[in-house]
Every structure is written in C-alpha cells, then in structure tokens.
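This report refers to the structure that appears directly beneath it.
The values are calculated or read from the model by the stated rules, or taken from the named source; none is laboratory data. In this text, all values refer to a predicted model and were calculated from it rather than measured experimentally. Note that each Cβ is placed from the backbone with ideal geometry, even for glycine, and that neighbours are counted across all protein chains shown. To get the accessible areas, we keep the full protein, side chains included, count just its heavy atoms, and leave off ligands, DNA and RNA. Shrake-Rupley method; radii C 1.70, N 1.55, O 1.52, S 1.80 Å.
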Amino acid sequence: MAAFKHGQIYALLRYCRLLKNTRGILKPEFHCLSYLQRSLSEVMQINHFHTSSEFYRQVVLGIETSCDDTGAAVVDDTGAVLGEALHSQHSVHLKHGGIIPPVAQVMHQQNIKGVVNDALEKAGLVLTDIDAIATTVKPGLALSLSVGTHYGKILALSAGKPFIPIHHMEAHALTIRMAHKVEFPFLVLLLSGGHCLLVIANSLDHWSIIGQTIDDAPGEALDKGARRLKLRNIREFSSMSGGQAIEYLAATGNPRAYEFPTPMWKYRDCSFSFSGLKNSLFKIISRLEEKYEVEGGNIIPPINDVCASFQYAVTKHLVRQTQKAMVYIDVRDLLPKTNKILVVSGGVACNHYIRRALQKLCDTTGYQFHCPPPNLCTDNGIMIAWNGMERLKAKTGVLYKKEDIEAVVYQSKCQIGTDLTDDVRSLGIHAQKWVKF
Ligand code: KG4
Ligand code: ZN
C-alpha cells in the first residue's frame with residue numbers, strides 16, 4: 001500500500017469516526033468500517049505513527065491577500081504544513097514601478113480560487129475536512145484585502161465552517177511559534193514593505209507597541225531606493241524585490257563608503273524613520289550620476305558601495321531603536337528576566353545582514369534571537385493558517401454564527417495594540433553604549 005498524504009489520513013480517520021458513531025444505524029457500512037480499520041493499521045505502520053490520536057489533528061485553511069501575494073495553506077495543530085500555494089504579482093508590479101491597487105485586486109480575483117484549491121489539493125483534503133477558515137482582513141491595501149475577506153467569508157458560510165479574521169502583522173509575529181517553543185511574552189520586531197513595529201506580544205489578543213515608523217517602512221525605503229538605482233535593469237536582479245537586490249549588491253560593497261544621517265537621534269524613544277535615509281540615498285545617487293555622467297537606464301559604477309552603505313544605515317537604525325526598546329523593557333520589567341526573547345519577522349527579515357546584526361545585539365544583551373526561515377518571513381498563506389490555528393486552539397477570535405461572519409469587514413489600517421510610545425518618551429529612554437555589529 002502506498003504512503004498516504006497527511007490530509008488523506010485525516011479524511012480517512014474522520015470517515016472512520018463517523019462510521020463508528022453511526023454504526024448501529026448504518027449497517028451496510030460495517031464491512032467498509034472493518035476494511036478502513038485494517039487499512040489504518042497499515043497506514044500507521046507506514047507513517048510510523050504509534051497511537052491513533054496522532055491522526056486526530058485539527059486543520060485550518062489560511063488565506064492571504066493583503067498586498068500583492070495571493071496565498072493559501074493548510075496547517076495542522078502541530079504546525080505541520082499539509083499544503084501550500086502562492087501566486088506572486090511581483091513581476092507585474094515591477095513593470096508598473098510599484099503596486100497599483102486596482103491591478104492587484106483584479107489579479108487576486110483571478111487567482112484566489114486556483115490558489116485555495118491548489119493548497120487543499122496538495123494537502124489531499126476537501127473543504128469539508130477543514131476545521132476553520134482563517135483569512136487576513138487587516139491591515140493592508142483595501143482593494144487587495146477586499147478579495148480575500150469576501151472569498152474567505154463565502155467559503156466559510158457555504159461550507160458551514162467557522163471563520164477566523166486575521167491581523168496580518170500578528171500573523172507575521174506568531175509564525176515563529178509553528179516550529180519553535182516561543183512562549184508569551186516576547187519582543188517582536190516586524191519589518192515589511194508597509195510596517196515597522198517594535199511590539200511586545202503578551203498573548204494572542206494583547207499587544208503593546210513600543211515603537212513604530214513615523215513615515216516609510218524599511219521595505220518601502222529599500223524598494224524605492226532600488227527603483228531609483230534602476231536595479232531592475234540588471235538582468236540577474238530584474239525579478240527580485242528591491243530589498244533582496246540591495247542585499248545581493250551590498251554583499252561585495254563597503255558599508256562605510258557613503259555617510260548617511262542618523263534618523264531620530266534627538267528623540268529619546270524607539271520610533272523609526274526611513275524617509276530621511278531614502279532621501280539621502282536619492283541625493284547620493286544624483287551626485288554620482290552627475291560625477292560619472294550616467295544617463296538613461298544605466299547604473300552608477302559604485303553601485304555595490306552605495307547599496308552596502310544604505311543597507312548599513314538602515315540596519316544601524318533598526319539595531320539602535322531595538323536596543324533602546326530593550327532598555328525600556330528592563331526599566332518597566334516587561335519581559336521575564338531569565339527568558340528574554342526577540343523575534344524578527346516580515347519580508348525585510350529575510351535580509352541576512354540585518355539578521356546577523358540583530359543576532360549580535362541579542363548576544364550582547366542576553367536575549368534569545370528567533371527569526372523564521374526567509375520563505376516564512378515574506379507574505380504567505382501558512383502564517384495566516386497558523387494564526388488561525390492558534391486562535392482555534394485558544395478559542396479566541398473564532399466566529400461560528402452566520403451573522404457574525406457576515407458582519408466582518410476588512411480594514412486597511414488597524415493598530416496592532418496599545419501604544420506605549422508616550423511612556424517610552426516620558427522616561428527619556430537612551431542606551432549607554434551602542435552595540436557594534
Ligand atoms: O512582509 P512582506 O512580504 O510584505 C508586506 O507585508 O509588506 O515584505 C515585503 C518587503 C519588500 O519591501 C521587500 O523589498 C522586502 O520585504 N524584502 C527584503 C528582502 N526580501 C524581501 N528586504 C531586505 N532584504 C531582503 N532579502
Ligand atoms: Zn507582510
């Protein structure tokens with residue numbers, strides 16, 4: 001007998017359970033039941049399961065459409081990914097020089113059904129096998145969110161399944177708990193194309209903001225920088241995200257070649273600002289274009305040094321504000337002294353230079369450092385399904401009633417929790433000595 005997919009095992013077990021429950025009534029099915037039970041013992045041997053309880057897993061379908069990725073995935077309560085599908089609109093938006101929301105919306109509409117069906121098929125499941133449907137409903141691009149929210153709700157209502165509305169940034173923050181035992185409370189640094197947040201994750205429903213960006217997000221600054229550097233004209237980088245292309249080029253550049261200002265140096269808080277760094281980059285590029293007489297789509301010669309210096313400046317700002325957040329946490333006693341954890345997630349957390357710098361900060365300050373693998377840092381359906389699973393297990397934020405599901409609306413903006421910035425500022429938080437990386 002061939003090995004079963006996880007999903008097929010769940011389906012088989014559920015059927016078995018159903019037959020057991022109704023055995024008295026469904027006499028003709030009895031043969032089928034004993035056949036299934038025989039098959040199951042073989043399945044258990046093949047899959048090295050020891051007890052049948054290992055089969056009885058809850059499964060959640062997750063749907064993500066908050067920006068330019070249409071994602072879907074099925075995960076079980078152990079954090080195993082049973083099936084995943086992702087359609088990226090990245091190459092289309094690159095041609096337009098940025099995301100055009102109505103274009104993103106149409107592409108989500110065109111792809112969502114296929115992506116969801118693909119994830120289910122890979123898991124070997126059908127909708128009736130799913131315990132709940134989790135969908136990103138906030139924050140993000142309104143037109144993109146509208147597609148997933150509508151589709152997830154319709155799916156849940158038509159299949160009679162519970163619906164779990166998901167906050168995109170909470171999902172980024174909790175992805176790490178799929179594979180690692182990271183207990184609440186912990187500090188999270190969320191770095192993406194739309195957000196930059198330093199938050200304490202106290203529980204699934206209790207988040208405290210220690211710092212956030214007052215203008216651009218780091219991914220946004222990297223993407224706009226890459227566009228101004230015309231990196232898409234270099235063939236090997238033409239399909240990469242701006243941040244990824246800058247990371248590649250920076251690897252062989254000198255991070256001290258060009259000076260950037262230190263953002264927010266006057267402020268004794270943990271807020272971020274990236275627009276000043278981005279504008280300084282633009283000025284450096286214009287100066288170099290003039291100096292080297294670079295025209296049209298051509299690239300400035302010291303491209304590696306420029307990328308390395310910009311990446312260094314972004315990283316320095318991230319490390320410094322996080323270090324200040326750690327000082328604030330100590331002053332206010334917000335994390336257990338013997339088990340302080342920093343989790344870093346979101347698309348920009350794919351960057352190995354930034355990861356290494358934050359790892360160094362953690363080594364120096366006695367924090368444990370955790371970061372999901374790069375494919376789970378960028379947007380995906382897995383993190384949404386997992387956040388749904390966490391909520392299903394904790395019995396919080398799960399909607400069962402038709403009228404409650406129908407009432408869910410998407411929100412393009414939605415603060416993740418209570419903002420402690422004023423308290424940070426009132427204490428005049430600063431670091432005695434900056435950690436070097
Ligand atoms: O979390 P994400 O996939 O989407 C949002 O929710 O925004 O993050 C996308 C961002 C983009 O700005 C992209 O340039 C950045 O993540 N990114 C990177 C890297 N890979 C993706 N930034 C720096 N280094 C990378 N290797
Ligand atoms: Zn994201």
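Roll a 1.4 Å probe over the protein chains and send me the accessible area per residue for the chain in Å². Working shown, then result.
Values: 19790 Å² over 437 residues.
Using a 1.4 Å probe on heavy atoms only, each residue of the chain averages 45 Å².
Give me the net charge for the shell around residue 298: Cβ to Cβ below 11 angstrom, other residues only, Lys and Arg +1, Asp and Glu -1.
Details: positive: 230; negative: 289, 293, 295.
Computed value for this residue: -2.
Within the stretch 94-193, which trypsin sites (Lys or Arg not before Pro) sit in a loop by DSSP and count at most 10 neighbouring Cβ atoms inside 10 Å? Intermediate results must be reported in sequence, preceding the final value.
Values: sites: 95, 113, 122, 153, 177, 181; in loops: 181.
Answer by residue number: 181.
How big is D for the chain, in µm² s⁻¹ as a whole number, if Stokes-Einstein is applied with the Kirkwood radius of its Cα pairs at 10 °C and 1.306 mPa s?
Details: Rh = 23.4 Å.
Approximately 68 µm²/s, per Stokes-Einstein.
Using the alpha-carbon atoms, what tilt in degrees (0 to 90, nearest 10) does helix 6-21 show relative to the longest principal axis of the chain?
Relative to the chain, helix 6-21 is tipped by roughly 30 degrees.
Which FRET efficiency, nearest 0.05, do residue 331 and residue 128 yield, Cβ-Cβ r, R0 60 Å? Write down the numbers at each step before the final one.
Working: r = 52 Å, r/R0 = 0.87.
The formula returns an efficiency of 0.70 here.
May I ask for the angle, rounded to the nearest 10°, between helix 352-365 and the longest principal axis of the chain, with both axes built from Cα atoms and the value confined to 0 to 90°?
Taking the Cα atoms of the chain, the angle to 352-365 is about 90 degrees.
In whole Å, what is the distance between the alpha-carbon centres of the stretch 122-184 and the stretch 211-240?
One Cα centre to the other: 28 Å.
With equal scatterers on the alpha carbons only and no solvent term, can you work out the Debye log10 of I(q)/I(0) for the stretch 99-189 at 0.13, 0.14 1/Å?
Treating every Cα as an identical point scatterer, log10 I(q)/I(0) equals -0.55, -0.63.
Can you give me the angle between helix 218-228 and the longest principal axis of the chain, using Cα atoms only, in degrees from 0 to 90, rounded to the nearest 10?
On a 0 to 90 degree scale, this one is about 60.
In whole percent, how big is the carbon plus sulfur part of the accessible area of the chain, probe 1.4 Å, protein atoms only?
Numbers: 10390 of 19790 Å².
Here it works out to 52 percent.
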